[in-house]
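A quick write-up on the structure given underneath.
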Amino acid sequence: MRFIPGTAIATTVTATVREPVDVIVAGGGTAGVVAAIAAARTGARTLLVERRNMLGGMMTGGNAGLTTYTVYDKRQGPFRQIIAQLATDPAAVQIVGGIPREITQRLIASGDAVGTSGTGGAYVFTAQEALKRLLLQMLEEAGARLLLHAFVVDVMREGDALSAVVVETKSGRLVYPATAFVDATGDVDLAARAGVPYTVGVAADDHCALSGISAPGSMGAMGV
């Protein structure tokens, strides 16, 4: 067979169908892990698919630790005063709650993270390996399943609705049927393969001089 660069060829790949689940979460960063924990805690059969060998995304592999947990409004007074409120009335200034707050409090309680006044404060810094372990532990406690070293490469539909995701793994190509799907890949891999419209970089209708340009990978860009 003659291979011509730039041309498209069709190949046949055998995929094994696995047991169906209720919820599939694609992407094992902090958002994906929290989504999987939340779904599993409701009793839903949940599968988290992550392309790397660890959980936590930028918080662990990106060496970012945990980040700001407060909102600062100048109308509330000096920033130092806002920080002081963390010791007396943290709910008034903290903007992080639910499972992310639970993760933070467990890290602080174990001594693996440092937060202002012993709480999730202005900034929280944690040992990356400790965060990896805790995320695995919380997934297991919730009853969620985990598939590492797995890339979402395709989707399957019934009409306009997704019915399964196709993932490439060390064991070959696998098909996981599900009822609900969560895209937490960061690059909208699942949504893009499902045909959902998307924009790369700053959208033209944002009326910005940087239209079409993407932010570079950095800790500053993480909050965008």
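The values are calculated or read from the model by the stated rules, or taken from the named source; none is laboratory data. These figures come from a predicted structure and were not determined experimentally. Glycine also receives a Cβ, built like all others from the backbone with ideal geometry; neighbour counts cover every protein chain displayed. The area values use the complete protein model at the heavy-atom level, side chains included, leaving out ligands, DNA and RNA. Shrake-Rupley method; radii C 1.70, N 1.55, O 1.52, S 1.80 Å.
Quick one: which residues, 5 or more positions from LEU146 or on another chain, have an amide H under 5 Å from its amide H? H modelled 1.01 Å from N in the peptide plane, none for Pro or chain starts.
LEU48
Give me the net charge of ILE37's neighbourhood, meaning all other residues with Cβ under 15 Å from the Cβ of ILE37; Lys, Arg count +1, Asp, Glu -1. Show your work: numbers first, answer last.
Numbers: positive: ARG41, ARG45, ARG101, ARG106, LYS132, ARG133, ARG145; negative: ASP22, GLU50, GLU102, GLU140, GLU141.
Every neighbour counted, the sum reads +2.
Among the chymotrypsin sites (Phe, Trp or Tyr not before Pro) within segment 122-201, which fall in a DSSP loop and have no more than 13 other Cβ atoms within 10 Å of their own Cβ? Write out the running numbers ahead of the final one.
On the way: sites: TYR123, PHE125, PHE151, PHE181, TYR198; in loops: TYR123, TYR198.
In loop regions of segment 122-201 (DSSP not H, G, I, E or B), the sparsely surrounded chymotrypsin sites (Phe, Trp or Tyr not before Pro) are TYR198.
How would ARG2, ARG157 rank on accessible area, largest to smallest, probe 1.4 Å?
Working: ARG2 200, ARG157 120 Å².
The ranking, largest first, comes out as ARG2, ARG157.
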